[in-house]
1. Which of B:SER356, B:LEU396, B:THR366 sits farthest toward the positive end of the charge dipole of segment B:337-431, with +1 on the Cβ of Lys and Arg and -1 on the Cβ of Asp and Glu?
2. Any chance you could look up the accessible area of B:MET126 with a 1.4 Å probe, heavy atoms only, rounded to 10 Å²?
3. Any idea of B:GLU42's accessible area? Nearest 10 Å², probe 1.4 Å.
4. Using a simple charge model, +1 on the beta-carbon of Lys and Arg, -1 on the beta-carbon of Asp and Glu, nothing else, what dipole does segment B:295-343 show about its Cα centre, in debye to the nearest 20?
5. Mind checking the mean number of beta-carbon atoms from other chains within 10 Å of the Cβ atoms in A:78-87?
6. Taking Cα pairs under 8 Å and at least six residues apart, what relative contact order does segment B:131-245 come out at, in percent?
7. Among the listed pairs B:LYS44/B:LYS79; B:LYS244/B:LYS414; B:LYS235/B:LYS369; B:LYS244/B:LYS369, give every one whose C-alpha distance is greater than 19 Å.
8. How far apart, in nm, are two points set 7 Å out from the Cα along the Cα-to-Cβ line at A:GLN51 and at A:ILE91?
Amino acid sequence: MIINHPLLGPRDSSEFVYLGDACLINRPAWVGERTEGEDVNDAKTAEALQQYHDYVHLRQNNAGEHKELWYHEQGDRSWLVVTRNTITHEIYNVELAKDVALANKTARATQGGKK
Amino acid sequence: MRNSGFRYSGFRYSGFRYSGFKVIKEALTGHKGWKPVWRTPEPKKEYDIIIIGGGGHGLATAHYLASRYNITNVAVLEKGWIGGGNVGRNTTIIRSNYLHPENQPFYELSMKLWEGLEQDLNYNAMVSQRGILNLYHSDGQRDAYVRRGNSMLMSGADAQLLDQEGVRELYPFLDFDNARFPIKGGLLQKRGGTVRHDAVAWGYARGADSRGVDIIQNCEVTGFLIKDGKCTGVKTNKGNIGAKKVASCVAGSSSRVMSQAGMNLPIESHVLQAFVSEGLKPIIDGVITFGAGHFYISQSDKGGLVFGGDIDGYNTYAQRGNLPVVEDVCESGMAIMPSIGRAKLLRNWGGVMDMSMDGSPFIDRTHIKGLYFNGGWCYGGFKATPASGLCYAHLLATDTPHEVARGYRLDRFKTGNIVDENGRGAQPNTH
Ligand SMILES: Cc1cc2nc3c(=O)[nH]c(=O)nc-3n(C[C@H](O)[C@H](O)[C@H](O)COP(=O)(O)OP(=O)(O)OC[C@H]3O[C@@H](n4cnc5c(N)ncnc54)[C@H](O)[C@@H]3O)c2cc1C
């Protein structure tokens, strides 16, 4: 597979390390520090634990279009989000993961703003 | 051994249908007289149990449900043809050389079932206990193998630690003095070996069919009938089929099938490639695995060297891999066995595997009543076929986990009871 790096042009996939589904960019917020004596078995903690479990361990693993993280270890050490077809191996789009993460953040902020 | 072919008397076929005479007669008459050994039924409206997926595990589950738990109102639904999945694509190695207490007794039960399989099925599956040798190349690796060997012995399996001389006696042609990874010895399991993979699918299919199980090919499950949190059947290209219990058993397609029930699984699908050389004179009589890289090799009865290595490492449902892994496998082969460089490669292929988050499988209920899940077998589910079938049948029949499959729960990441043989964490392509 050839990955069309946004900065370096076409590079062989063997220069990269594969991490997995690009949903790994969106790490859920942790409950944060608690003051001593505070109940940690409350609903908020349970919800956070569940979210973290799902984030670390569950995957959609879909057949077809798949957004995924690749690391250019033997190149410029950038993280990329590659949109690839898991049935044909065709690559549709390659972006810098940083750009995707920032776009996700802005999207979340504007969504929050509308509420 | 527990049983012989006589167990089948009274069923639709009895005893011995194959003979040397029949083979010669068929050879001379264009092989037109062979009969199918299982039926091609139309699906009934409803079954007690529907098994999705006619791979090794699905067919074994059906066989043990019928033969050990007396449940015969069962259908196996297969979207293609039985034996067309990974059960017919793997490199046929069986072994019980695991470390963890959640795994080793399970795989040792599987080994025992392999040892009695041909008598149980009255079918020649060519179970060949030719021995599997894991090479070690450093002191640290030797110590790890000592520990593993002890864990094997504790489960009742056999294990033997060989020094360099011991390995040299078995395989003098290995590259013992390799500059980077000299061979210092190996862990030998003599009861490990290979089994004819297609025959496993066919043998279990015949065993199940002869007891009344319907094996329905070209029948793809396209959805589940779920009402009020209870699964009452499946949607298929042959219409809806009802069932009291539905058991998914689709290996590499696990996420695709279970997503139809709204579930995300702790699984990624990856491709593993396999390779076969031209036929050669006998040179390797067992199975050898490289300890410093991903490479393993055996020789088929036809003479082809059968070998493989690492998975490609990215999510895929394509049953083919890419060239960098081909190169890696061949380099690793050259590192332990330079003579392999003279052999020509005849063919290679890939199969899609269900790589789980800790490298271990699942045999469990789901949160949906009546819906069960078996999967996450990674690159090592062929050896597990008999035990997986028996334990899944046990779960389906009794609604309790079989005692050697208690660790294979779907919620083990939540409860902290992961079964990670390699200690690599939630990164499926590293297991
Ligand atoms: C190249 C390679 C080498 C391997 N080598 C070894 C080895 O040496 N030793 C070892 O122990 N293991 C090995 N494995 C792993 C082993 O082959 C698998 O873990 C095991 O075969 C999986 O179980 P199965 O036989 O039931 O799977 P499969 O045979 O894949 O069965 C699953 C079935 O489900 C069907 N299906 C999928 N979706 C649907 C649907 N929607 N409706 C109906 N049916 C459906 C499929 O068509 C398929 O027939 C290897 C795998 C590969 C790819």
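The values are calculated or read from the model by the stated rules, or taken from the named source; none is laboratory data. These numbers come from a predicted model, not from an experiment. With ideal geometry, Cβ positions are generated from the backbone for all residues, glycine too; neighbour counts draw on all protein chains shown. Quick note on the areas: whole protein, heavy atoms, side chains included, nothing else; ligands and nucleic acids left out. Shrake-Rupley method; radii C 1.70, N 1.55, O 1.52, S 1.80 Å.
1. B:SER356
2. In the full protein context, B:MET126 sits at about 80 Å².
3. Answer for B:GLU42: close to 130 Å² accessible.
4. 220 debye
5. For this peptide, the per-residue mean of nearby foreign Cβ atoms is 2.
6. 22 percent
7. Correct reply: B:LYS244/B:LYS414.
8. Each label point lies 7 Å from its Cα, and together they span 3.3 nm.
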